[in-house]
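A short worksheet on the structure shown next.
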Amino acid sequence: MTAASTEVRTDSLVIDGVEFGSRLIMGTGGAPSLDGLGAALLASGTELTTVAMRRYSPAETGSLFQLLMDHNIRVLPNTAGCFTAKDAVMTAELAREALETDWVKLEVIADEHTLLPDAVELVDATEQLVNRGFKVFAYTNDDPVLALRLENLGATAVMPLGAPIGTGLGILNPHNIELIVSRASVPVVLDAGIGTASDAALAMELGCDAVLLATAVTRAQNPVQMGEAFKHAVIAGRLAKQAGRIPRREHALASSAMEGRAEFL
Amino acid sequence: MNITLNGTAHALSDGASVTTLVSQVTGRVLDHSGQASDGGKLGVAVARNSEVVPRSQWAATTLAEGDELELVTAVQGG
């Protein structure tokens, strides 16, 4: 075992004192069946997964919460579908009661067309939830100023979007993500917009601590295979970031020496 | 008595508590602390007239005619 591989093994993600071996956080939206979702989650190697809170329906077969517990995956309830701080706080309170966790992925969106975070409501909700003892994972715009504000309000993690939810457009503003990472003292999780494995690798190369995605796996033609692809992408991106990439150059740089070449007539 | 549960009318015996309601809807037997007696996680939360009722208060919370109840759980999303 080389020193490098030992280092990778101990390179866990720590959030609020909890250690995770995987830096891939999964969402659960968009999967056609609970069984299929379970298989994709397992293939992805995720240890932390988001769920939404909705009205209980007796007709629903199987429990998502039970599925996650069976696979030893920690649950991260979200406030998806909330447009105001008031709704988000209420949803978080219900999630804390139902799932017995004070972790919450805070989503306060502005409208259904863009699904972009509403910065004003987000700040308000973060403040209220932190005061109520929640560990807030704030889903935010890729705005370095707002990200720092959320951290200063007591957010446990900031989760800037790569692109709008479900678009699969990848990371539209890598520069802003790098800026957010460089100024953050809390974990930065790239959340939303991921389309394929290389997007997740890029997020890690930019210095993000983890990546959160759902649609890219659940709506892929082969969710299990895509889950596995993301598992490797996140590891590869993290390794590349730590290894230190070569600087970009304007002109070519030969990797073979010119000396000692054979001469031909 | 009649209450509203998750937006639809629901009939309950007079004097029913939140525990009675949750047990009836989920088909699980609950202990006094609001946990499932089968040892599994219940995974639901209750709001009564827009106020969260903590699990520990379910047994002591008696419902009244016209109460609006929300019973929520974790579903796929996000």
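The values are calculated or read from the model by the stated rules, or taken from the named source; none is laboratory data. Being a predicted model, the structure only gives us computed values, none of them experimental. Cβ atoms come from the backbone with ideal geometry, glycine included; neighbour counts cover every protein chain shown. For accessibility, only protein heavy atoms count, side chains too; no ligands or nucleic acids. Shrake-Rupley method; radii C 1.70, N 1.55, O 1.52, S 1.80 Å.
Exactly one residue among A:ALA110, A:ALA88 is in contact (Cβ under 8 Å) with a residue 12 or more places away in the chain and over 23 Å from B:GLU51 (Cβ atoms), and that residue is A:ALA110. Within segment A:50-66, no residue that is at the interface with chain B (Cβ under 7 Å from one of its Cβ atoms) sits with its Cβ atom under 8 Å from a residue that is open to solvent by 90 Å² or more (accessible area, probe 1.4 Å) at 6+ positions apart or across chains. Quick one: is A:GLY62 within 16 Å of B:LYS41 (Cα to Cα) and surrounded by fewer than 21 Cβ atoms within 10 Å (Cβ to Cβ)? Against the criterion (within 16 Å of B:LYS41 (Cα to Cα) and surrounded by fewer than 21 Cβ atoms within 10 Å (Cβ to Cβ)), A:GLY62 qualifies. In a helix (DSSP H, G or I) and free of Cβ contacts under 8 Å to residues at least 24 places away in the same chain: is that true of A:VAL181 in this structure? When the stated conditions are applied, A:VAL181 does not pass them. Residues in segment A:76-89 that are facing chain B (nearest Cβ under 9 Å) and either surrounded by fewer than 22 Cβ atoms within 10 Å (Cβ to Cβ) or in a helix (DSSP H, G or I) (or both): 1 in all. The residues of segment A:206-225 that are surrounded by fewer than 22 Cβ atoms within 10 Å (Cβ to Cβ) and in a helix (DSSP H, G or I), listed by number, are A:THR215, A:VAL224, A:GLN225.
Has segment A:18-27 got at least one residue that is at pLDDT below 85 and either over 22 Å from the mean Cα position of the chain (by Cα) or at the interface with another protein chain (Cβ under 10 Å from one of its Cβ atoms) (or both)? No, segment A:18-27 has no match at all.
Could you list all residues from segment A:90-108 that are more than 8 Å from every other protein chain (Cβ to nearest Cβ) and open to solvent by less than 10 Å² (accessible area, probe 1.4 Å)? Within segment A:90-108, A:ALA92, A:TRP103, A:VAL104, A:LEU106, A:VAL108 qualify. Could we say that B:LEU12 is more than 9 Å from chain A (Cβ to nearest Cβ), at pLDDT 90 or above and crowded, with 21+ Cβ neighbours inside 10 Å here? Against the criterion (more than 9 Å from chain A (Cβ to nearest Cβ), at pLDDT 90 or above and crowded, with 21+ Cβ neighbours inside 10 Å), B:LEU12 does not qualify. Restricted to segment B:33-78, and to residues there that are touching a residue at least 40 places away in the same chain (Cβ under 8 Å), acidic (Asp, Glu) and assigned to a strand (DSSP E or B), the residue that is farthest from the other protein chains (Cβ to nearest Cβ) is B:GLU68. Among the residues of segment B:15-62, those identified as open to solvent by 30 Å² or more (accessible area, probe 1.4 Å) and charged (D, E, K, R) are B:ARG28, B:ASP31, B:ASP38, B:LYS41, B:ARG48, B:GLU51. Residues that are within 10 Å of chain B (Cβ to nearest Cβ) and either open to solvent by less than 30 Å² (accessible area, probe 1.4 Å) or closer than 21 Å to A:ALA210 by Cα (or both) were ranked within segment A:31-49; the one that is modelled with the lowest pLDDT is A:ALA31. Looking across segment A:184-205, the residues that are open to solvent by less than 20 Å² (accessible area, probe 1.4 Å) and part of a helix (DSSP H, G or I) come down to A:ALA200, A:ALA201, A:ALA203, A:MET204.
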